[in-house]
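The values are calculated or read from the model by the stated rules, or taken from the named source; none is laboratory data. Worth saying up front: this structure is predicted, and the values here are computed from it rather than measured. Here the Cβ is made from the backbone with ideal geometry for all residues, glycine too, and neighbour counts use every protein chain on show. The area values use the complete protein model at the heavy-atom level, side chains included, leaving out ligands, DNA and RNA. Shrake-Rupley method; radii C 1.70, N 1.55, O 1.52, S 1.80 Å.
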Amino acid sequence: MKRKKGGTGVIFDSHTHSRFSTDSKAEPRDMMEAALKKGLAGLCVTDHYDCDEIPAFCTLENLRGAKAALEPLRQEYAGRLEVLRGVELAQGVLCPKILEVLRGVELAQGVLCPNEAREPLALTDYDYILGSVHAGRWREDYYWMDYRDPPHPLPVLIREYFENCLAVARWDQVDALAHLGYLKRYAIRDGVTLDYTPYDDLIDEILCTLIATGKALEVNTSGFRYGLPEWIPGIEIWRRYRAMGGELVTIGSDAHRPEDIGAGHKEAQRMLRELGFTRFFYFRARKPVAVEL
């Protein structure tokens, strides 16, 4: 594990999206320039690949395009800004062609769409693979759901979401788990407040699994931009993670626009220090690099 001196507000944004993600229009160069203007030490571009059958949102062509665009920028910005390449690999949807095989089967090893994940993982030389859950079984992305009139009872959906997060945490192909508690980001849009306390045991199992398997937990700072009064995950989960001995923490803005790169990082670092964390991390060549808080 490498170590980088910090203590003076070093900002490294480990979760950003460019135009090679369907939900972003950000040009990679504009992202780099925004990062420089904000004084970032570096950023990792983690464009989407959702392992389901939403073709526009999970094309290998996009990932190849991101790689081709970022390689020259890494060289151009060397010495001024560290530019790393990752992928946000979402495992949330069970593809229809394997539903019948997996229906009723415990997904003990985590990966929900193993065949669909194999191809993006084969595009090698990632610095960072961020695992996430964007959707539940037989359903579209949680973003599109009306939380005032959900397709299934919210307790069922929430439990399923955390079960899928546990499955991803157990999977050996990812370096970190993104935005644990993702549903709150969109429920607030519909005026719905979600209570995760009935799922504390399941959440604690996720945290223990991340610690035991050497994966990082992400402080996702986007919650404030969506109207939440908290990080994703919330501070109570961070307290429990710290009490369990969790140390491996990344910080990501989840920016889809250049102006959001690095957003909330200083506040996130302050929160981590107050909870007793002494370092945060980013990943280079799939290895954690420590930054002193």
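Among the listed pairs LYS37/LYS266; LYS67/LYS266; LYS25/LYS67, those with a Cα-Cα distance over 19 Å are LYS67/LYS266. Take every Cα pair under 8 Å whose residues are at least 6 apart in sequence, average their separation, divide by the length of region 124-179, and the relative contact order is 55 percent.
Using a probe of 1.4 angstrom and keeping all protein chains present, the accessible surface of region 144-269 works out to 39 square angstrom per residue. With the Cα gyration tensor of region 203-256 giving a ≥ b ≥ c as the square roots of its eigenvalues, does the rule (a/c under 1.5 for rounded; else a/b larger than b/c for prolate; else oblate) give rounded, prolate or oblate? Prolate, since a/c reaches 1.5 and a/b exceeds b/c. Oblate is the label for region 174-293, because a/c, from the alpha-carbon gyration tensor with a ≥ b ≥ c as root eigenvalues, is 1.5 or above and a/b does not exceed b/c. The residues packed around ALA169, meaning those with a beta-carbon under 13 Å from its beta-carbon, carry a net charge of -4 if Lys and Arg are +1 and Asp and Glu are -1. Per-peptide packing, taken as the mean over residues of other Cβ atoms within 10 Å, places 163-176, 214-227 in the sequence 163-176, 214-227 from highest down.
Among 67-73, 15-21, the peptide with the highest mean count of other Cβ atoms within 10 Å heads the list, and the full ranking is 15-21, 67-73. In this Cβ point-charge picture (+1 for Lys and Arg, -1 for Asp and Glu), region 245-293 has a dipole of about 260 debye about its Cα centre. Karplus-derived 3J(HN,Hα) values for region 62-72, using 6.51 cos²θ - 1.76 cosθ + 1.60 with θ = phi - 60°, are 5, 5, 5, x, 4, 5, 5, 6, 7, 4, x Hz; glycine and proline are entered as x. Surface composition of region 136-202: carbon plus sulfur atoms hold 49% of the accessible area, using a 1.4 angstrom probe and ignoring ligands, DNA and RNA. Which shape class, rounded, prolate or oblate, goes with region 179-232 when its Cα gyration tensor gives a ≥ b ≥ c as root eigenvalues, a/c under 1.5 marks rounded, and past that a/b bigger than b/c marks prolate? Taking the square roots of the gyration eigenvalues as a ≥ b ≥ c, region 179-232 is oblate. Among residues other than LEU272 whose Cβ falls under 9 Å from its Cβ, what is the net charge (Lys/Arg +1, Asp/Glu -1)? In short, +3. All other residues whose Cβ lies under 14 angstrom from that of PRO72 are scored, Lys and Arg at +1 and Asp and Glu at -1, for a net of +1.
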